[in-house]
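The values are calculated or read from the model by the stated rules, or taken from the named source; none is laboratory data. This is a predicted model, so every value here is computed, not measured. Every residue, glycine as well, gets a Cβ built from its backbone with ideal geometry; the counts of neighbours run over all protein chains shown. All accessible areas refer to the heavy atoms of the entire protein, side chains included, with ligands and DNA or RNA removed. Shrake-Rupley method; radii C 1.70, N 1.55, O 1.52, S 1.80 Å.
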Amino acid sequence: MSDTTQNAAVPSSKLFGSFSVRDTGTLIGLIAIVVLFGLLAPDFLSQRNLLNILQQSSINACLALGMTLVIISGGIDLSVGPTAAIAAVITATLLVADIPVPLAILAGLGIGVICGLVNGVLVAYAGLQPFIVTLGTLSTYRAIALIYTGGNPVLGVPQGFRALFNGSLMGIPNAVIMVAVVALLAWMLLKKTPLGEYLLAVGGNEEAAYVAGVPIAVTKITAYVISGVLAALASMILIGRLGAAEPILGNLWELDAIAAAAIGGASLMGGKGSVIGTIFGAIILGAMRNGLTLMNVQAFYQLLATGLIILVAMMIDRVTRGRG
């Protein structure tokens, strides 16, 4: 790799650290929330509830891992919720029509690839801002899901599919195991492959990355495709739990994904993010909502708490960047 390329990817030494100072801070925040709700809600620390938190957090974690890669590359993906909705209704339709489970899953993941590819091509080749592109596809994808189903849910998802995504192995929910594998792959992608350095370089300084010979367009498109695939996977986890798919599935999922990534240390300015931090961020959101629900706190105040945590995460990022 040339010197210029190395310069474009200088921050990688910070990002690719196995457990950064920021990750440690996020973990401390997670422990503080667990201890706090453990004191306030008697059932919070039960084994059953902790596994429930991990299972509920698996959807946000799956979405947020894809969002983290996009954010690191300097983009944003507001269309993950509608992408999940399209993948869900098509997967469920195929399953109800007795299409074999593996083929239905591949079809759903393929929808994620197509949606991500459209986003990536529009961002990389049409020169449009990621926010504008994915805001437009947010509405477009949602409309496609509604038109495809006529606004009706798809019911009767076979038990075999439900057992795959909603079952458990040695007491651990399958969804948690799946997301753990996805997180490991994402971590390896960032730490062990050139694509990880490319994502960081493009998000950190696109002009320098271009001069260094980094394939800008391919890097951006790949990030959006991965985000689309993980949105489709997240939708399967949900329909495995519910046994049905709705065209309105995934409403506001993009906010949870961005929140988890931001809490975990990803910078919305690009060039900075962490798989480990994102996982902690998703669990923080899940633990906080679970604890507030056990305390019978209304959903309005849960939304308020989520917003305040995001603001604190942004302030921390601002301070740490200033010092850097």
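Shape summary: region 96-166 maps onto an equivalent ellipsoid whose semi-axes, from the alpha-carbon gyration tensor, are 30, 15, 9 Å in decreasing order.
Working note: Debye formula, equal point scatterers on the alpha-carbon atoms of region 162-208, no solvent; log10 I(q)/I(0) at q = 0.18, 0.22, 0.23, 0.29 Å⁻¹ is -0.63, -0.73, -0.76, -0.95.
Among the protein heavy atoms of the chain, carbon and sulfur supply 69% of the accessible surface, probe 1.4 Å, non-protein parts ignored. For region 190-324, what class follows from the C-alpha gyration tensor (a ≥ b ≥ c being the square roots of its eigenvalues): rounded when a/c is under 1.5, otherwise prolate if a/b is larger than b/c, else oblate? Judged from the Cα gyration tensor, region 190-324 comes out oblate (a/c at least 1.5, b/c at or above a/b). Accessible area per residue for region 253-301 is 35 Å², calculated with a 1.4 Å probe on protein heavy atoms, without ligands, DNA or RNA.
What separates the Cα centres of region 236-259 and region 55-94 is a distance of 8 Å.
Which percent of the Cα-Cα distances in region 23-153 go past 23 Å? Can you show the working numbers first?
On the way: 4270 of 8515 pairs.
Summing the P(r) tail past 23 Å for region 23-153 gives 50 percent.
Average 1/r across all pairs of distinct alpha carbons in the chain, invert it, and you get the Kirkwood radius: 19.9 Å. Highest mean packing first, where packing is the average number of other Cβ atoms within 10 Å per residue, the peptides 310-316, 266-272, 214-220, 85-91 line up as 85-91, 266-272, 214-220, 310-316. Region 271-290 and region 140-184 have Cα centres lying 21 Å from one another.
Could you compute the net charge surrounding Pro173? Neighbours are other residues with a C-beta less than 14 Å from the C-beta of Pro173; K and R count +1, D and E count -1.
Working: positive: Arg48, Arg162, Arg241; negative: none.
For residues surrounding Pro173, the net value is +3.
Calculated on the Cα set of region 168-260, radius of gyration then Dmax: 16.6, 51 Å. For Ala41, no residue has an amide H sitting under 5 Å from its own, ignoring neighbours fewer than 5 places away on the same chain, with H placed 1.01 Å from N. Mark the label point 7 Å from the Cα of Val121 along Cα→Cβ and return the residues of region 58-74 whose backbone N is within less than 16 Å of it. None, by backbone N distance to the label point.
What number in nm² do you get for region 70-227 if you take the convex hull of its Cα atoms and divide its surface by four? It would help to have the intermediate numbers written out before the result.
On the way: hull surface 41.9 nm².
The directionally averaged projection comes out at 10.5 nm².
Hydrophobic, long helices, defined as DSSP H runs whose alpha-carbon span along the helix axis is 30 Å or greater and whose mean Kyte-Doolittle value is at least 0.5, occur in the chain at 47-72, 101-124, 216-242, 299-323.
With protein chains left intact and a 1.4 Å probe, residues in region 115-188 average 55 Å² of accessible area per residue. For the peptides 280-291, 61-72, residues were scored by their other Cβ atoms within 10 Å and the scores averaged per peptide; the highest-first order is 61-72, 280-291. Over all pairs of different C-alpha atoms, region 259-314 has a mean inverse distance whose reciprocal, the Kirkwood radius, equals 11.6 Å.
When the convex hull of the Cα atoms of region 61-125 is projected onto a plane and the area is averaged over all directions, what value comes out in nm²? Walk me through the intermediate numbers first.
Numbers: hull surface 18.6 nm².
Spelled out: convex hull of the Cα atoms, projected over all directions, averaged, 4.7 nm².
Note on Lys220: aspartates and glutamates with a C-alpha under 19 Å away, same-chain residues under 8 apart excluded, are Asp77, Glu197, Glu206, Glu207, Glu254.
Suppose each label sits 7 Å from its Cα in the direction of the beta carbon; what would the Asn52-Leu268 distance come out to in nanometres? Reported label-point gap for Asn52 and Leu268 is 3.2 nm.
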